[in-house]
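Asker: Below you will find the structure I want to go over with you.
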Amino acid sequence: MITGHIFIATSLDGFIARDNGDIEWLLEHDASGEDHGYNDFIKDIDAIIMGRGTFEAVRDMKPWFYSRPVLVLSATLADQSVPDDLTGKVHFTGKSPQQAMAMLETEGCRRVYVDGGRVIQSFLLDGLVSDLVVTRVPILLGSGRPLFGPLTRDIRLAHVSTRAFSSGLVQSTYTIAQ
């Protein structure tokens, strides 16, 4: 069975990017050289699903950051061609979260990294996430793109662990409570 997994950082006030999509504040903290567990997390991931906003924030990073195939869920990009330098690494689709996961499962994927605010929100609401690793960065942005948005129902979490880093980052792991 295929499962969705979240590994993401937020400002202390819950934003994953500034209103304009800028994530420089996050990249500055990530440049500290600390091991925040991403490499351990990604080694068991078969594919990555992200939204258009996340893709636009990372598409110009050189070299390409992701070592797994990336599926971008976007009605806007679905009919466009992938940039030449990302051919074979990125695919665009207008599929729903359920359809995307079903497609990846038929391709042999078992563990999928889900990234991007709206995509994460929709995957949580559709019951497609099994666990979350949320790292809080010691900065207040005041406004921006929130990690979590309005919910039509409660999503209960079970706390697994929390660890603090010398840089001030605090990382908590949760599973979705059944």
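The values are calculated or read from the model by the stated rules, or taken from the named source; none is laboratory data. These numbers were taken from a predicted model, which means no experiment stands behind them. All Cβ positions, even for glycine, are placed from backbone atoms using ideal geometry, and neighbour counts span all protein chains on display. Just so you know, the surface numbers come from the protein's heavy atoms only, side chains and all, with ligands and any DNA or RNA stripped out. Shrake-Rupley method; radii C 1.70, N 1.55, O 1.52, S 1.80 Å.
Asker: So which residues in the range 10-34 are open to solvent by less than 60 Å² (accessible area, probe 1.4 Å) and at pLDDT 95 or above?
Answerer: Thr10, Ser11, Asp13, Gly14, Phe15, listed by residue number.
Asker: For residues that are more than 22 Å from Ile23 (Cα to Cα), charged (D, E, K, R) and surrounded by 12 or more Cβ atoms within 10 Å (Cβ to Cβ), tally how many sit in the range 122-178.
Answerer: Residues meeting the conditions: 3.
Asker: Tell me, which residue of the range 107-137 that is touching an Asp or Glu at 6+ places or on another chain (Cβ under 8 Å) and part of a loop (DSSP other than H, G, I, E, B) is farthest from Ala177 (Cα to Cα)? Can you show your working first?
Answerer: Our first condition is that a residue be touching an Asp or Glu at 6+ places or on another chain (Cβ under 8 Å); within the range 107-137, this holds for 108-112.
With part of a loop (DSSP other than H, G, I, E, B) added as a condition, the list becomes 108-110.
Working: Gly108: 26, Cys109: 23, Arg110: 20 Å.
In this case the residue turns out to be Gly108.
Asker: Oh, and also: Are any residues in the range 3-42 among the hydrophobic types (A, V, I, L, M, F, W, C) and within 14 Å of the chain's Cα centre (by Cα), and if so, which ones? Before the answer, list the steps.
Answerer: Quick first cut of the range 3-42, residues among the hydrophobic types (A, V, I, L, M, F, W, C) only: 6-9, 12, 15-17, 23, 25-27, 31, 41-42.
Across the range 3-42, the qualifying residues are Ile6, Phe7, Ile8, Ala9, Phe15, Ile16, Ala17, Ile23, Leu26, Phe41, Ile42.
Asker: Would you mind stating whether Arg52 is under 22 Å from Leu132 (Cβ atoms) and surrounded by fewer than 16 Cβ atoms within 10 Å (Cβ to Cβ)? Spell out how you get there, then give the answer.
Answerer: Working: under 22 Å from Leu132 (Cβ atoms): yes; surrounded by fewer than 16 Cβ atoms within 10 Å (Cβ to Cβ): no.
Spelling it out, it is not the case that Arg52 is under 22 Å from Leu132 (Cβ atoms) and surrounded by fewer than 16 Cβ atoms within 10 Å (Cβ to Cβ).
Matching residues to (1) of a type in the set (Gly, Ala, Ser); (2) within 26 Å of Asp126 (Cβ to Cβ):
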site: Ile2; (1), (2): no, yes
site: Ile8; (1), (2): no, yes
site: Asp22; (1), (2): no, no
site: Glu56; (1), (2): no, yes
site: Val72; (1), (2): no, yes
site: Gly88; (1), (2): yes, no
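Asker: Let me ask something else. Of all residues in the range 154-178, which are without any contact (Cβ under 8 Å) to a residue 12 or more places away in the chain and assigned to a strand (DSSP E or B)? It would help to see each step written out before you state the result.
Answerer: Of the range 154-178, the ones without any contact (Cβ under 8 Å) to a residue 12 or more places away in the chain are 154, 162-164, 178.
The answer is Thr162, Arg163, Ala164.
Asker: I'd like the full set of residues that are in contact (Cβ under 8 Å) with a residue 24 or more places away in the chain and open to solvent by less than 30 Å² (accessible area, probe 1.4 Å), limited to the range 78-93. Give the derivation first.
Answerer: Of the residues in the range 78-93, the ones in contact (Cβ under 8 Å) with a residue 24 or more places away in the chain are 83, 86, 89-90.
Within the range 78-93, Leu86, Val90 qualify.
Asker: Considering only residues that are surrounded by fewer than 21 Cβ atoms within 10 Å (Cβ to Cβ) and touching a helix residue (DSSP H, G or I) at 6+ places or on another chain (Cβ under 6 Å), which ones fall in the range 98-114?
Answerer: none
Asker: While we're looking at this one, here's another question. Can you tell me which residue in the range 55-77 is modelled with the lowest pLDDT, limited to those that are open to solvent by less than 50 Å² (accessible area, probe 1.4 Å) and touching a helix residue (DSSP H, G or I) at 6+ places or on another chain (Cβ under 9 Å)? Steps first, answer last, please.
Answerer: Filtering the range 55-77 for residues open to solvent by less than 50 Å² (accessible area, probe 1.4 Å) gives 55, 57-58, 64, 66, 70-74, 77.
Adding the requirement that they be touching a helix residue (DSSP H, G or I) at 6+ places or on another chain (Cβ under 9 Å) leaves 64, 66, 70-74, 77.
Numbers: Trp64: 89, Tyr66: 92, Val70: 97, Leu71: 98, Val72: 97, Leu73: 97, Ser74: 95, Leu77: 95.
Ranking the qualifying residues of the range 55-77, first place goes to Trp64.
Asker: I'd like the full set of residues that are outside any strand (DSSP E or B) and out of contact with any Phe, Trp or Tyr (no Cβ under 8 Å at 6 or more places or on another chain), limited to the range 4-26. Before you say what the answer is, go through the steps one by one.
Answerer: Of the residues in the range 4-26, the ones outside any strand (DSSP E or B) are 12-14, 18-26.
Answer for the range 4-26, where residues must be outside any strand (DSSP E or B) and out of contact with any Phe, Trp or Tyr (no Cβ under 8 Å at 6 or more places or on another chain): Leu12, Asp13, Asp19, Asn20, Gly21, Asp22, Ile23, Glu24, Trp25, Leu26.
Asker: For the condition in a loop (DSSP other than H, G, I, E, B), farther than 26 Å from Leu104 by Cβ and either among the hydrophobic types (A, V, I, L, M, F, W, C) or within 19 Å of the chain's Cα centre (by Cα) (or both), what is the one hit in Leu140, Leu151? Quick ask: steps written out before the conclusion?
Answerer: On the way: Leu151 fails: farther than 26 Å from Leu104 by Cβ.
Exactly one residue qualifies, and that residue is Leu140.
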